[in-house]
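Presented below is the structure to which this report refers.
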Amino acid sequence: MDKALDFSKAAKSYRKNALVQKQMAKSLFLLCKKYFGNKYERIFEIGCGTGLLTENIVREFSFDELILNDLTDNFTGFDYPFLKGDVTKINLPKNCNLIISNACFQWILDIENFLNGLKNSLSKNGVLVFSSFGKDNCMQFKSIENTGLFYEDYLKILPRCGYEIVEYEREIQTLYFSSPIEVLRHIQSTGAAISNNQKWTKEHLKTFEKKYNELFGDDNGVALTYNPVYILAKIK
């Protein structure tokens, strides 16, 4: 992972500002329930963060074991077994009936290698369910700053890694803010798009505000687009 949001510093602000991620967690859980039901022996949640998805799992799913993971400490509020660390580097649990993750996989640099290895953690009939973001995510910010997270084409990658895609859904959601400064604050609070190491001087900030208002401002304010994607898959 690279530049992933550190919830030890941003837990409170994240829950307040992560409106899209909260809705994504609910949508992901409902899709999982629709296609695979709500009974599992062992569930592994990757990148549990502040527990937006964990809450749905605990409330609605029946399971024997739930294992949580994140880079930093457990901020979910639930006392389940917790694996702290980069999911690409730690030892992962085996024989999972469900591996699930909300708005996390976009942080993984070598996603193809990771998905290949993740098959070793699934049981014979286990399923992989996750949400991430598509190429249009935060397109306004990226068009001005020419930087941001790189978003993968899971429709191509998953079959190459030996997965069968059971369901794929894509959404476009647009949030409006009172000013470009509020957009930046939102991004900082949620990690929606990570800028490069550019220093935000007064001149740079002024230029950013001017361009953002000109290109993406209207009577509703200034726009920021989210492009959630939802994937349900199993090993071929």
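The values are calculated or read from the model by the stated rules, or taken from the named source; none is laboratory data. Since the model is a prediction, treat every value here as computed from it, not as a measurement. Backbone-built Cβ (ideal geometry, glycine too); neighbour counts: all protein chains shown.
Based on what the data block shows, is Lys94 modelled with pLDDT of 95 or more and over 25 Å from Lys16 (Cα atoms)? So Lys94 fits the description; yes. Taken across segment 72-94, residues that are in the same structural domain as Leu28 (by TED's automatic domain parsing), assigned to a strand (DSSP E or B), surrounded by 15 or more Cβ atoms within 10 Å (Cβ to Cβ) and touching a Lys or Arg at 6+ places or on another chain (Cβ under 8 Å) do not occur at all.
Every residue, every condition in (1) of a type outside the set (A, V, I, L, M, F, W, C); (2) over 21 Å from the mean Cα position of the chain (by Cα), yes or no:
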| position | (1), (2) |
| --- | --- |
| Asn38 | yes, yes |
| Phe44 | no, no |
| Leu52 | no, no |
| Asn56 | yes, no |
| Thr72 | yes, no |
| Phe75 | no, no |
| Phe78 | no, no |
| Lys89 | yes, no |
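Of the residues Phe63, Phe114, the single one that is under 20 Å from Asp153 (Cα atoms), among the aromatic types (Phe, Trp, Tyr) and either outside the structural domain of Arg160 (by TED's automatic domain parsing) or surrounded by fewer than 20 Cβ atoms within 10 Å (Cβ to Cβ) (or both) is Phe114.
The residue that is nearest to Ala103 (Cα to Cα), among those in segment 173-214 that are outside any helix (DSSP H, G or I) and at pLDDT 90 or above, is Gln173.
Of everything listed in (1) more than 26 Å from Gly148 (Cα to Cα); (2) at pLDDT 95 or above; (3) out of contact with any Pro (no Cβ under 7 Å at 6 or more places or on another chain), the single unmet condition for Gly77 is (2).
Annotation note: of Leu128, Leu115, Leu149, the sole residue that is assigned to a strand (DSSP E or B), in contact with a strand residue (DSSP E or B) (Cβ under 9 Å, 6 or more places away or on another chain) and among the aliphatic types (A, V, I, L, M) is Leu128. Going by the conditions given, is Asn97 of a type outside the set (Ser, Thr, Tyr), in contact with a strand residue (DSSP E or B) (Cβ under 9 Å, 6 or more places away or on another chain) and assigned to a loop (DSSP other than H, G, I, E, B)? No, not satisfied.
Here is a yes/no grid of residues against (1) in the same structural domain as Lys16 (by TED's automatic domain parsing); (2) in contact (Cβ under 8 Å) with a residue 40 or more places away in the chain; (3) exposed (fewer than 12 other Cβ atoms within 10 Å of the Cβ); (4) closer than 22 Å to Ser131 by Cα:
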site: Gly162; (1), (2), (3), (4): yes, yes, no, yes
site: Arg170; (1), (2), (3), (4): yes, yes, no, yes
site: Pro180; (1), (2), (3), (4): no, yes, no, no
site: Lys206; (1), (2), (3), (4): no, no, yes, no
site: Tyr212; (1), (2), (3), (4): no, yes, no, no
site: Phe216; (1), (2), (3), (4): no, yes, no, no
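Restricted to segment 25-49, and to residues there that are of a type in the set (D, E, K, R) and assigned to a helix (DSSP H, G or I), the residue that is surrounded by the fewest Cβ atoms within 10 Å (Cβ to Cβ) is Lys34. In segment 137-154, the residues that are β-branched (Val, Ile, Thr) form Cβ pairs under 8 Å with partners that are at pLDDT 85 or above and not in a loop (DSSP other than H, G, I, E, B), at six or more places apart or across chains, as follows: Ile144/Phe208; Ile144/Lys211; Ile144/Tyr212; Ile144/Leu215. The number of residues in segment 142-172 that are modelled with pLDDT of 95 or more and under 24 Å from Asn213 (Cβ atoms) comes to 1.
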